[in-house]
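Note sheet for the following structure.
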Amino acid sequence: MNGESLPSKFYMLPRLKRGIYIHLIGTKSSGKTFSMNAVARELGAIVEAHFEVARTLLKELNITGTDLDSNLESSLDFHQKIVERHARIFEGLAAIDPRTKLVRIFNRTVLDALVYTWMKGADVDAMINSTDFQQCGDRYKNQNSRIVHFPFLPHLVTADGARMNLSHEVLEHLSEMNETFMQNLGIQFYTPSLDLSKLNAKLVHFIVTELLALSSHNS
C-alpha cells in the first residue's frame, strides 16, 4: 500500500457477515482495470472480480469496437445486450450467499452503455425504462453497493481495441455525461484521487472502510 493506511479492523474482514458490490465506471484507459487488479491482489481471497461485459460480448459476437462505430443499429443493439447481460449476472448473484465473497467488483456498468447510446444520438428513454436497466439501477442504489467513478485522464489513454476512434475531447465529454446521468438517476458515486500513484491505495482503503461500516450498520 502506498500512502494510505488501512483501517485498524482490516484483519476482521474474513469474519464479516455482509458483502459489498463495487461498480467501476469511467471512460477507456481511466484506470479501472488497473485498479481492480490491484484491489484483487491486496484483498486476496475475499474479492471476486467481474471483468468488462462489453469485451466478453465482443468476443462472443466476433466483432470489434470499430465495427460498432460504423453501424448505428448494431451499436444500439450491442449496448442493449450489455444491459441484459448485467441484469442476468445480478440475478445469478442474488441466489448466492453474499458471504461467499465479501467484495464483488465490477469493471464498468450499464451506465456506460447508456452514455454510449446517448453519444450515438439515440433516444435513451427506452433503455432507461427497460426492466433490465431498472433492475441494474436498483442494484447500484442498493445499500450494499458503491459506485466508483474514474474521471477522464488523457495521459492514460491508449488504443485498447474497444474504442479506438474517440478523441480526448469526446472522452472528456463522456466522462462528464457519466456524472450527469448518475446525478439525474439518483445514483450516488465516489470519485477517487486523480493522483495515479495513490489511486489504488485510496480505492482499497475506500472499499475496506465502506465494508466495515456496512457490516456495522447491518449487525
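Tabulated data for the structure shown
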read-out: Subset of the stretch 7-20 (residues that are out of contact with any helix residue (DSSP H, G or I) (no Cβ under 7 Å at 6 or more places or on another chain) and either modelled with pLDDT of 60 or more or not in a loop (DSSP other than H, G, I, E, B) (or both)); value: 11, 12, 15
read-out: Test: residue in the stretch 84-102 that is under 22 Å from residue 37 (Cβ atoms) and in a loop (DSSP other than H, G, I, E, B); value: yes
read-out: Single unsatisfied condition, residue 114 versus (1) closer than 30 Å to residue 41 by Cβ; (2) at pLDDT 90 or above; value: (1)
read-out: Total residues in the stretch 168-179, condition more than 16 Å from the chain's Cα centre (by Cα) and either surrounded by fewer than 18 Cβ atoms within 10 Å (Cβ to Cβ) or at pLDDT 90 or above (or both); value: 5
read-out: Tally of residues being open to solvent by 30 Å² or more (accessible area, probe 1.4 Å), in contact (Cβ under 8 Å) with a residue 40 or more places away in the chain and over 24 Å from residue 177 (Cα atoms) across the stretch 47-78; value: 2
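The values are calculated or read from the model by the stated rules, or taken from the named source; none is laboratory data. All values reported here derive from a predicted model rather than from experimental measurement. Cβ sites come from the backbone with ideal geometry, for glycine too, and all protein chains shown count toward neighbours. Protein only, heavy atoms only, side chains kept; ligands, DNA and RNA dropped before computing areas. Shrake-Rupley method; radii C 1.70, N 1.55, O 1.52, S 1.80 Å.
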